[in-house]
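The structure appears right after this line, and notes come after that.
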Amino acid sequence: MTLKYAILGFLLFEPLSGYDLKTRYFDGSVGNFFPADQKQIYRTLERLEAEGWVTSTLKIQDSRPNRREYQLTSAGQNALRNWLR
C-alpha cells in the first residue's frame, strides 16, 4: 500500500488536516503496520493536491494556528476506486 492511497482512503470519510491524519490514524492503529511521519504526510498531501486528487481550504482559528483541511475530489475518488480494483 502506498501512502497516497491510504490518505485518499481516510479523506473519503471526511475532510482532514495533515495533523488530523497523523494523530488520528498514523499514530494509532494504522501506525502499527503502516508508519508515516508528519513530513511524509504533508509532502504527499501537496502532491495529491497538485494532481487534482484533493483540494484544500485554509481554516482560520483564533486561539490556535490556522489549519489546512484537505478534501477528496471526484478525480481522487476515481483514482482510489481504480487502485482498489
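Only a single criterion out of (1) open to solvent by less than 90 Å² (accessible area, probe 1.4 Å); (2) in contact with a Leu (Cβ under 8 Å, 6 or more places away or on another chain); (3) touching a residue at least 12 places away in the same chain (Cβ under 8 Å) is not satisfied by N66, namely (3).
Across the range 18-38, not a single residue is classified as touching a residue at least 40 places away in the same chain (Cβ under 8 Å), open to solvent by 50 Å² or more (accessible area, probe 1.4 Å), part of a loop (DSSP other than H, G, I, E, B) and touching a helix residue (DSSP H, G or I) at 6+ places or on another chain (Cβ under 8 Å).
Name the residue that is farthest from T73 (Cα to Cα), counting only residues in the range 39-59 that are under 9 Å from the mean Cα position of the chain (by Cα) and in contact (Cβ under 8 Å) with a residue 40 or more places away in the chain.
Of the range 39-59, the ones under 9 Å from the mean Cα position of the chain (by Cα) are 41-42, 44-45, 48, 54.
Going one step further and asking which of them are in contact (Cβ under 8 Å) with a residue 40 or more places away in the chain, we end up with 44, 48, 54.
Working: T44: 15, L48: 10, V54: 5 Å.
Ranking the candidates gives T44 first.
Going by the structure shown, is L11 closer than 22 Å to N66 by Cβ and either acidic (D, E) or open to solvent by less than 40 Å² (accessible area, probe 1.4 Å) (or both)? Yes; evaluated as a whole, the condition is true for this residue.
The values are calculated or read from the model by the stated rules, or taken from the named source; none is laboratory data. In this text, all values refer to a predicted model and were calculated from it rather than measured experimentally. A quick note on method: Cβ atoms are made from the backbone with ideal geometry, for glycine too, and the neighbour counts reach across all protein chains shown. Note: areas computed on protein heavy atoms with side chains; ligands, DNA, RNA excluded. Shrake-Rupley method; radii C 1.70, N 1.55, O 1.52, S 1.80 Å.
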